[in-house]
There are 2 protein chains.
Amino acid sequence: MDRFELIKMLKQPSDEKIVLLVLDGLGGLPQNGKTELESAQTPNMDKLASQSESGLMTPIITGITPGSGPGHLALFGYDPLEFLIGRGILSALGVKFPIRDGDLAARVNFATLDAKGKVNDRRAGRIPDEINRAMCEKIREIKIPGIEIFIETEKEHRAALILRGEHFSEKLSETDPQKTGVPPLPVKALDNKPETVHTAELLNQFLSEVRKKLKDEKPANGILLRGFALHQRIPSFSEVYGLHACAIAGYPMYRGLASLVGMDVIETESGVEPQFKKFAEVWGQYDFYFLHIKYTDSRGEDGDFKAKVKVIEEVDRHLPAILKLKPDVLAITADHSTPSTYRAHSWHPVPTLVSSKWARRSGVKKFGETELLRGTLGTMHSMDLMLLVLAHAGKLAKFGA
Amino acid sequence: MDRFELIKMLKQPSDEKIVLLVLDGLGGLPQNGKTELESAQTPNMDKLASQSESGLMTPIITGITPGSGPGHLALFGYDPLEFLIGRGILSALGVKFPIRDGDLAARVNFATLDAKGKVNDRRAGRIPDEINRAMCEKIREIKIPGIEIFIETEKEHRAALILRGEHFSEKLSETDPQKTGVPPLPVKALDNKPETVHTAELLNQFLSEVRKKLKDEKPANGILLRGFALHQRIPSFSEVYGLHACAIAGYPMYRGLASLVGMDVIETESGVEPQFKKFAEVWGQYDFYFLHIKYTDSRGEDGDFKAKVKVIEEVDRHLPAILKLKPDVLAITADHSTPSTYRAHSWHPVPTLVSSKWARRSGVKKFGETELLRGTLGTMHSMDLMLLVLAHAGKLAKFGA
């Protein structure tokens with residue numbers, strides 16, 4: 001019996017409500033002896049951690065640094081080595097495109113090309129969304145027999161491209177040269193299968209049409225394609241866990257990941273206060289709430305230790321807004337570490353707490369990496385968190401007689 | 001996606017250098033309250049451990065006592081339950097025999113037989129290497145149609161036998177009766193497959209020829225065969241990790257294991273000082289250095305607690321010779337425990353530290369089994385160590401978008 005078969009067999013309804021609060025990239029490395037989380041004043045999280053199950057989680061497997069996709073799939077209980085979700089799919093989901101099995105998606109960057117067709121600016125000066133939308137309108141006029149073409153504005157210079165047709169392949173090279181002063185690359189088939197060669201030809205034909213359409217535009221007179229990915233259905237939260245779930249996330253990619261597993265995506269501004277407020281508004285309508293705070297990761301990637309500490313403190317100040325609604329199970333964790341000193345995602349295990357009336361109390365004195373080594377959960381795998389919160393919420397029946 | 005596919009996809013070059021220092025059989029059990037490592041004065045390792053990631057590692061799975069082969073394969077990141085390396089292959093590799101796929105290898109013990117052909121001494125009085133070499137010369141004169149026969153002196157009474165031909169099987173019983181006063185056993189086919197029956201017949205024919213060749217020799221007038229094993233290629237360190245690796249090991253078996261995964265084997269005397277000196281000599285030529293110290297295990301098997309403590313202290317005294325070369329990542333660990341009180345390999349988890357600038361500091365006060373329970377790595381699996389050191393060395397890209 002595989003994992004999902006086991007869960008489907010044991011899942012049972014209950015009134016309990018689960019909140020998964022993800023502080024993206026929360027885990028850190030020490031500066032002057034303390035990590036970002038250890039340096040932050042977090043009286044609410046500290047008190048909660050001492051009364052909760054707590055520990056650390058390895059996001060994927062030891063030593064593997066997760067991107068946002070695999071990091072979140074693991075938190076949602078899906079094996080990221082089995083469910084490989086390409087960036088193009090995440091972009092399409094992020095703009096709420098109703099993607100279907102077999103659709104081919106890619107990330108689009110609008111770019112500025114010079115008179116000779118060489119890339120001058122890979123982000124077209126980060127054009128405003130209105131220009132992006134106007135360019136998408138033009139591209140939608142392109143017709144290629146046998147396929148449907150969809151392009152949707154994401155933000156600034158970014159858009160999502162979706163091709164619908166038959167027998168596509170995703171084994172394709174990207175067209176972004178990753179530098180300026182050279183022309184965009186053609187799409188190349190990365191294997192010799194007929195569907196791959198065919199898909200590459202279609203895309204190059206499409207790109208040639210785009211060049212004609214945009215040639216007199218300024219500054220977005222070209223596009224770069226990345227992250228080609230075929231869409232394959234993955235089982236939903238409702239199917240696997242029997243959960244009616246929602247996501248309150250400020251950023252398109254995380255909304256995309258949530259909708260991929262069948263969560264309702266709640267419209268919200270990005271930010272601790274507006275997201276927590278939105279959470280309170282929808283409280284009671286769902287039995288699972290995924291709350292995603294982005295800025296811990298952003299400040300880590302900036303290498304700004306103090307700013308990351310501030311974001312953590314901001315979350316802690318607003319935490320009572322969640323606690324006063326008395327969720328039956330509240331997990332606070334991260335998809336991966338983003339240490340400010342490392343300025344990037346890393347492989348280090350992430351701080352985790354699971355609060356519920358069935359928690360063994362870990363008695364840790366601080367919600368922080370070092371103290372959590374003494375927590376009740378030890379170092380577990382992120383993929384096991386869903387099982388743990390389901391158990392605490394009474395949503396898993398006994399296995400076997 | 002399986003583990004090796006994942007690693008191959010993520011591996012990336014970096015200038016960082018990794019040192020894997022293996023103290024064979026390091027883990028122990030307490031005598032008067034402290035293990036060998038805990039009893040040893042190890043100021044250098046203690047200081048390093050406090051500033052490093054640290055913890056314990058389960059060599060294979062809980063409760064499984066590894067031989068040297070599986071123990072090292074796990075340290076090298078190869079699943080020992082998938083890659084089963086027979087003792088015969090290790091012997092052949094240990095004498096640097098250029099083994100090929102499909103070769104059948106076995107360990108040879110020269111033995112003394114009495115007038116009735118019964119075993120008098122299973123090790124022929126540990127004959128000197130010269131006699132061993134002379135006996136091998138004689139055996140090489142044997143011709144059997146359709147196969148090539150190679151025999152190479154290992155040390156004292158030990159040699160490696162390699163048969164080259166077609167369609168061999170390794171499902172064969174050993175000929176060492178494991179006691180004296182009885183004749184060597186014939187080789188028996190352990191299944192009914194034609195290739196197995198055929199291989200057993202060939203070997204019995206070979207053994208009959210050996211008896212004729214050696215009948216007038218003294219004391220080595222017989223041989224015993226053990227550890228029949230077919231050679232199958234396993235992916236190299238270079239293929240899997242992109243690493244240019246070397247081994248500085250004093251004993252043939254560990255050189256054999258290292259060459260099996262494609263490491264360059266550096267010629268060296270056996271001993272802490274000469275091996276560390278050799279390490280310093282080749283420093284800079286590779287990006288991965290496997291340093292294997294044998295005597296911790298030997299003294300554990302002797303049941304000599306104090307002598308094992310002394311070996312550990314000797315390593316600690318010489319550790320600065322490694323530290324002053326400033327390896328980017330230094331892991332100190334073991335392939336298994338060999339508690340002196342137990343006088344054999346055991347299943348107990350092994351002490352481990354990983355030093356790097358990206359380490360979360362564990363703050364442990366002593367490099368020792370009890371204190372390491374509070375380390376940052378918890379109790380991990382040996383097979384995950386390679387991923388961890390690759391991550392710390394910047395040799396693994398992010399997984400997924």
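Considering A:Leu385, A:Leu353, the condition of being within 24 Å of the chain's Cα centre (by Cα), more than 23 Å from B:Arg361 (Cβ to Cβ) and either charged (D, E, K, R) or assigned by TED's automatic domain parsing to the domain that holds A:Tyr241 (or both) is satisfied by A:Leu385 alone.
Only one of B:Gly394, B:Gly363 is within 14 Å of chain A (Cβ to nearest Cβ), in a loop (DSSP other than H, G, I, E, B) and closer than 28 Å to B:Ser259 by Cβ; which? B:Gly394 is the lone residue from the list that is within 14 Å of chain A (Cβ to nearest Cβ), in a loop (DSSP other than H, G, I, E, B) and closer than 28 Å to B:Ser259 by Cβ. Among the listed residues A:Leu185, A:Leu163, identify the single one that is buried (at least 18 other Cβ atoms within 10 Å of the Cβ) and outside the structural domain of A:Gly271 (by TED's automatic domain parsing). Of the residues listed, the single one that is buried (at least 18 other Cβ atoms within 10 Å of the Cβ) and outside the structural domain of A:Gly271 (by TED's automatic domain parsing) is A:Leu163. Quickly run through the stretch B:334-360 and pick out the residues that are under 18 Å from A:Thr62 (Cα atoms) and either of a type outside the set (Val, Ile, Thr) or away from chain A (no Cβ under 14 Å) (or both). Listed by number, the residues that qualify are B:Pro349, B:Val350, B:Pro351, B:Leu353, B:Ser355, B:Ser356, B:Lys357, B:Trp358, B:Ala359, B:Arg360.
Scanning the stretch B:264-309 for residues that are surrounded by 15 or more Cβ atoms within 10 Å (Cβ to Cβ), out of contact with any strand residue (DSSP E or B) (no Cβ under 7 Å at 6 or more places or on another chain) and in a helix (DSSP H, G or I) gives B:Phe276, B:Lys277, B:Tyr295, B:Asp297, B:Ser298, B:Arg299, B:Gly300, B:Glu301, B:Ala307, B:Lys308, B:Val309. Scanning the stretch B:206-221 for residues that are surrounded by fewer than 19 Cβ atoms within 10 Å (Cβ to Cβ) and either touching a Leu at 6+ places or on another chain (Cβ under 6 Å) or outside any helix (DSSP H, G or I) (or both) yields B:Lys215, B:Asp216, B:Glu217, B:Lys218, B:Pro219. Taking the conditions (1) crowded, with 24+ Cβ neighbours inside 10 Å; (2) within 28 Å of B:Leu203 (Cα to Cα) in turn, B:Ile18 satisfies each one other than (2). Do you know which of the residues in the stretch B:1-27 that are closer than 30 Å to B:Glu314 by Cα and not in a loop (DSSP other than H, G, I, E, B) is nearest to the other protein chains (Cβ to nearest Cβ)? Among them, the one singled out is B:Ile18. Number of residues in the stretch A:59-77 that are more than 7 Å from chain B (Cβ to nearest Cβ) and buried (at least 23 other Cβ atoms within 10 Å of the Cβ): the value is 7. What about A:Arg299, is it basic (Lys, Arg), within 30 Å of A:Ser39 (Cβ to Cβ) and touching a helix residue (DSSP H, G or I) at 6+ places or on another chain (Cβ under 6 Å)? Yes, satisfied.
Taken over the stretch A:370-380, the criterion of being out of contact with any strand residue (DSSP E or B) (no Cβ under 6 Å at 6 or more places or on another chain) and either more than 11 Å from every other protein chain (Cβ to nearest Cβ) or not basic (Lys, Arg) (or both) is satisfied by A:Thr370, A:Glu371, A:Leu373. Look at (1) in contact with a Ser or Thr (Cβ under 7 Å, 6 or more places away or on another chain); (2) surrounded by fewer than 21 Cβ atoms within 10 Å (Cβ to Cβ); (3) more than 17 Å from B:Glu371 (Cβ to Cβ) and you find that B:Glu5 fails only one, number (1).
For (1) outside the structural domain of B:Asn109 (by TED's automatic domain parsing); (2) within 28 Å of the chain's Cα centre (by Cα); (3) surrounded by fewer than 16 Cβ atoms within 10 Å (Cβ to Cβ); (4) basic (Lys, Arg), each residue gets a yes or a no:
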position: B:Ile144; (1), (2), (3), (4): no, no, yes, no
position: B:Glu148; (1), (2), (3), (4): no, yes, yes, no
position: B:Glu152; (1), (2), (3), (4): no, yes, no, no
position: B:Glu156; (1), (2), (3), (4): no, yes, no, no
position: B:Phe168; (1), (2), (3), (4): no, yes, no, no
position: B:Glu174; (1), (2), (3), (4): no, yes, no, no
position: B:Lys179; (1), (2), (3), (4): no, yes, yes, yes
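Looking at A:Tyr241, A:Tyr286, A:Tyr251 in this structure, which one is in contact (Cβ under 8 Å) with a residue 12 or more places away in the chain and within 30 Å of A:Glu137 (Cβ to Cβ)? So the residue among A:Tyr241, A:Tyr286, A:Tyr251 that is in contact (Cβ under 8 Å) with a residue 12 or more places away in the chain and within 30 Å of A:Glu137 (Cβ to Cβ) is A:Tyr251. With respect to the stated conditions, A:Ile162 fails to be outside any helix (DSSP H, G or I), modelled with pLDDT under 95, among the aliphatic types (A, V, I, L, M) and in contact with a helix residue (DSSP H, G or I) (Cβ under 8 Å, 6 or more places away or on another chain). The residues of the stretch A:146-163 that are under 30 Å from A:Ser270 (Cβ atoms) and among the charged types (D, E, K, R), listed by number, are A:Glu152, A:Glu154, A:Lys155, A:Glu156, A:Arg158.
The values are calculated or read from the model by the stated rules, or taken from the named source; none is laboratory data. Treat the numbers as computed from the prediction; the structure is a model and nothing was measured. Because the Cβ atoms are built from the backbone with ideal geometry, glycine has one as well, and the counts that use them run over all protein chains shown.
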